1. How about region 114-148: which of its residues are of a type outside the set (A, V, I, L, M, F, W, C), farther than 19 Å from Thr15 by Cβ and more than 14 Å from the chain's Cα centre (by Cα)?
2. All but one of (1) part of a helix (DSSP H, G or I); (2) of a type in the set (D, E, K, R); (3) surrounded by fewer than 17 Cβ atoms within 10 Å (Cβ to Cβ) hold for Arg138; state the number of the condition that does not hold.
3. Are there any pairs, at least 6 apart or on different chains, whose C-beta atoms fall under 7 Å, with the first in region 56-75 and under 10 Å from Ser44 (Cα atoms) and the second buried (at least 16 other Cβ atoms within 10 Å of the Cβ) and polar (S, T, N, Q), and if so, which?
4. Any idea which of Leu133, Leu125, Leu161 is loosely packed, with under 14 Cβ neighbours inside 10 Å and either in a helix (DSSP H, G or I) or among the hydroxyl-bearing types (Ser, Thr, Tyr) (or both)?
5. Name the helices (runs of 4 or more DSSP H) wholly inside region 4-89 in which the number of residues that are at pLDDT 95 or above and of a type in the set (Val, Ile, Thr) is 3 or more.
Amino acid sequence: MKSKKSKAVPTPTRTAKFWPALGFAAITGARATSGPMFISDYLSRRALAPGMAGSPLRFLAKPGVATTLKLLTAGELVGDKLPNTGDRIEPQQLGARAASGALVGATWYKSQGGSAFKGALVGSLGAVAATFLTFYLRKGLSEKTGIDTSTIGAGEDALVLAGGVALSPRPKQ
């Protein structure tokens, strides 16, 4: 009789790093400043995680940075609807989203005691994938329904904000 070998199950710490980092990267693909804003807000409201001590990424834990990112995100939410705003898949915007995703992923992984490099890779790739997904989804919905892309963009904003809130750990009561 053959013995059944148990399959390796990912440890909670591994999934606690990967899935939130990918989630923050996904919202960053839709709105470039949203992921950094939510990560910074989270980090600024708690004691500095041991993994962040001495890290150059610890600047995101400063309340002033969190406030600045909130203002930038508000500006991005408005600017996204303007008619002269370029497509998010243009090289400059795509590069900014990839960099922003890398920042989010590296920061999340580091705050959870993981590798900033691995986090940056997850974040960058996730943000780029989400950039294309959300761009073509928004464009396709507009073409199929006749609804203006700005209106669909407002719905996209709501999903990004709800996703960021859902991903952001809250202090235990």
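The values are calculated or read from the model by the stated rules, or taken from the named source; none is laboratory data. Values in this document were obtained by computation on a predicted structure and should not be read as measured data. Backbone-built Cβ (ideal geometry, glycine too); neighbour counts: all protein chains shown.
1. Just the residues of region 114-148 that are of a type outside the set (A, V, I, L, M, F, W, C), to begin with: 114-115, 118-119, 123-124, 126, 131, 134, 136, 138-140, 142-146, 148.
This time we only want the ones that are farther than 19 Å from Thr15 by Cβ, so: 124, 131, 134, 136, 138-140, 142-146, 148.
Listed by number, the residues that qualify are Tyr136, Arg138, Lys139, Gly140, Ser142, Glu143, Lys144, Thr145, Gly146, Asp148.
2. (3)
3. Short answer, once both residue conditions are applied: Leu60/Ser40; Leu60/Thr107; Ala61/Ser44; Lys62/Ser44; Pro63/Ser44; Val65/Ser40; Ala66/Ser40; Ala66/Ser44.
4. Values: Leu125 fails: loosely packed, with under 14 Cβ neighbours inside 10 Å; Leu161 fails: loosely packed, with under 14 Cβ neighbours inside 10 Å.
Answer to the check: Leu133.
5. Details: elements: 12-30, 34-44, 63-79.
Ranges flagged: 63-79.
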